1. Can you tell me which residue is modelled with the highest pLDDT among those in segment 21-44 that are among the acidic types (Asp, Glu) and more than 14 Å from the chain's Cα centre (by Cα)?
2. Kindly establish whether GLY74 is free of Cβ contacts under 8 Å to residues at least 12 places away in the same chain and under 27 Å from THR126 (Cβ atoms).
3. Given the criteria exposed (fewer than 14 other Cβ atoms within 10 Å of the Cβ) and of a type in the set (Asp, Glu), does GLU96 qualify?
4. If a residue has to be surrounded by fewer than 13 Cβ atoms within 10 Å (Cβ to Cβ) and either in contact with a Pro (Cβ under 8 Å, 6 or more places away or on another chain) or closer than 20 Å to ARG81 by Cβ (or both) to count, how many in segment 1-19 make the cut?
5. Can you tell me which of (1) at pLDDT 95 or above; (2) surrounded by fewer than 15 Cβ atoms within 10 Å (Cβ to Cβ); (3) in contact with a Ser or Thr (Cβ under 7 Å, 6 or more places away or on another chain) is the one HIS47 doesn't meet?
6. In segment 105-133, which residue that is polar (S, T, N, Q) and out of contact with any Asp or Glu (no Cβ under 8 Å at 6 or more places or on another chain) is farthest from PHE65 (Cα to Cα)?
7. Looking at HIS103, HIS9 in this structure, which one is over 13 Å from the mean Cα position of the chain (by Cα), in a loop (DSSP other than H, G, I, E, B), of a type outside the set (Asp, Glu) and under 20 Å from THR142 (Cα atoms)?
8. Would you call PHE26 in contact (Cβ under 8 Å) with a residue 12 or more places away in the chain, in a loop (DSSP other than H, G, I, E, B) and closer than 23 Å to TYR124 by Cβ?
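The values are calculated or read from the model by the stated rules, or taken from the named source; none is laboratory data. Values in this document were obtained by computation on a predicted structure and should not be read as measured data. Reconstructed Cβ throughout: ideal geometry from the backbone, glycine too, with neighbour counts over all protein chains shown.
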Amino acid sequence: MQIKYSLGHAIPELVIDAFDLRQQVFTHEQGFPADIDVDEYDNSALHVVLYLNEHPVAVLRCLLFKDTGLVKVGRVAVQKRHRGKGLGRELMKFVEQYAQQHHFKTIGLSAQHTAIEFYRTLGYQTVGEMYDEDGMDHIYMTLAIEQ
């Protein structure tokens, strides 16, 4: 297992792997429109991809807000055949370490209703009420980063 990351499009091959994985999960599997997956935030986002035997199998992206100390995690996806193996947990641990090393204060994310318990096991707390995002129930969750 290897985790690689790229800030913006610094490593084009990694970003292509990230976009391909996101399309597999969000567009083909979950039915979200392809045109909402890639957006203007991808140009400056931190793209994180987990590889098994040099094959990309899990991904997420982070928007980094230094001024407020927030890392906003999104686009978390694990290939269906690799779910339940702790790969999503490894990606989230990586983000926590990255946030701590770069002196961020909080990690926030918009969790699909089916993933709330997963994030709770990692220490995330729900904030506010459930809301609809692109036709699916989500809730905002945060994790305070210890320095």
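1. Ranking the candidates gives GLU40 first.
2. no
3. It is false that GLU96 is exposed (fewer than 14 other Cβ atoms within 10 Å of the Cβ) and of a type in the set (Asp, Glu).
4. 2
5. (2)
6. It comes out as THR114.
7. Going through HIS103, HIS9 in turn, just one is over 13 Å from the mean Cα position of the chain (by Cα), in a loop (DSSP other than H, G, I, E, B), of a type outside the set (Asp, Glu) and under 20 Å from THR142 (Cα atoms): HIS103.
8. Criteria not met by PHE26.
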